[in-house]
Amino acid sequence: MKILLLMRHAKSSFEDNQASDFERGLNKRGEKDAPRMGKLLKEKDLVPDLILSSKAVRTSKTAEIVAEKAGYKKEINYVEGFYLGEPEVYLEALRNLDDKGLDTVMVVGHNPGLETLLQVLTDHVESLPTAAIAYLELPIRSWKALSNDIVANLKKLWRPRDL
């Protein structure tokens, strides 16, 4: 069994009118929520073996803050296609992972692709608000077996407002 943690980036800022969508950072709420979610992962003993993240500023900042607060000590892998990526982009990146030592993987990305991926994998229609984390158990032994045909078990969906 593999564990997949899907996290939408924390709340982004619209203060800088000159910044492109890709360049937007986090607002105050995002800067408050991201560390809380990292601490939650540490408390729940769900520190990932690997974090994959979009390169967009708001997403990379979220991943960095969560990693620090969770006690994640490795490099964050940034995936070009995650920015505005469709579910298949996320699935392909996961299928390309080596299985050795990678039982728990976290993906930090964007809606609508991430929310759609959650729905495809679980057959549940769930919203994924900013900084939310979905904890999925996947009935696979190898990441290469991941497809949109499997049905994952949605163990928990944590939203910052519920903590």
- Query: For region 121-145, which residues satisfy the criterion of being closer than 14 Å to GLU92 by Cα and either acidic (Asp, Glu) or surrounded by fewer than 22 Cβ atoms within 10 Å (Cβ to Cβ) (or both)?
  - Reply: SER142, TRP143, LYS144, ALA145
- Of (1) modelled with pLDDT under 95; (2) surrounded by fewer than 18 Cβ atoms within 10 Å (Cβ to Cβ), GLU88 satisfies all except one. Which? (1)
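If I filter region 69-85 down to residues being touching a Lys or Arg at 6+ places or on another chain (Cβ under 8 Å) and among the hydrophobic types (A, V, I, L, M, F, W, C), which single residue comes out as surrounded by the fewest Cβ atoms within 10 Å (Cβ to Cβ)? Step through it out loud before you land on a result.
Just the residues of region 69-85 that are touching a Lys or Arg at 6+ places or on another chain (Cβ under 8 Å), to begin with: 69-71, 78-80, 82-83.
If we keep only those that are among the hydrophobic types (A, V, I, L, M, F, W, C) too, we end up with 70, 79, 82.
Working: ALA70: 22, VAL79: 20, PHE82: 22.
Filtering first and then ranking leaves VAL79.
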- Item | Some residue of region 57-68 being at negative phi, surrounded by fewer than 19 Cβ atoms within 10 Å (Cβ to Cβ) and basic (Lys, Arg) | no
- Message: With the requirement that a residue be without any contact (Cβ under 8 Å) to a residue 40 or more places away in the chain, within 19 Å of LEU40 (Cα to Cα) and in a strand (DSSP E or B), what does region 50-78 give you?
- Response: ILE76
- Message: Checking the conditions here, which among ALA34, ALA10 is part of a loop (DSSP other than H, G, I, E, B), crowded, with 22+ Cβ neighbours inside 10 Å, in contact (Cβ under 8 Å) with a residue 12 or more places away in the chain and among the hydrophobic types (A, V, I, L, M, F, W, C)?
- Response: ALA10
- Note on the structure: When region 99-119 is checked residue by residue, the ones that are in contact (Cβ under 8 Å) with a residue 40 or more places away in the chain, more than 15 Å from GLY81 (Cα to Cα) and surrounded by fewer than 21 Cβ atoms within 10 Å (Cβ to Cβ) are ASP99, GLY101, LEU102, ASP103, THR104
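Name the one entry in LEU5, LEU26 that is crowded, with 16+ Cβ neighbours inside 10 Å and under 21 Å from ASN153 (Cβ atoms).
On the way: LEU26 fails: under 21 Å from ASN153 (Cβ atoms).
Unique residue meeting the criteria: LEU5.
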- Task: Would you confirm whether any residue within region 20-30 is out of contact with any helix residue (DSSP H, G or I) (no Cβ under 7 Å at 6 or more places or on another chain), of a type in the set (Ser, Thr, Tyr) and not in a helix (DSSP H, G or I)?
- Result: yes
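The values are calculated or read from the model by the stated rules, or taken from the named source; none is laboratory data. Keep in mind it's a predicted model, so treat the numbers as computed, not measured. Cβ atoms come from the backbone with ideal geometry, glycine included; neighbour counts cover every protein chain shown.
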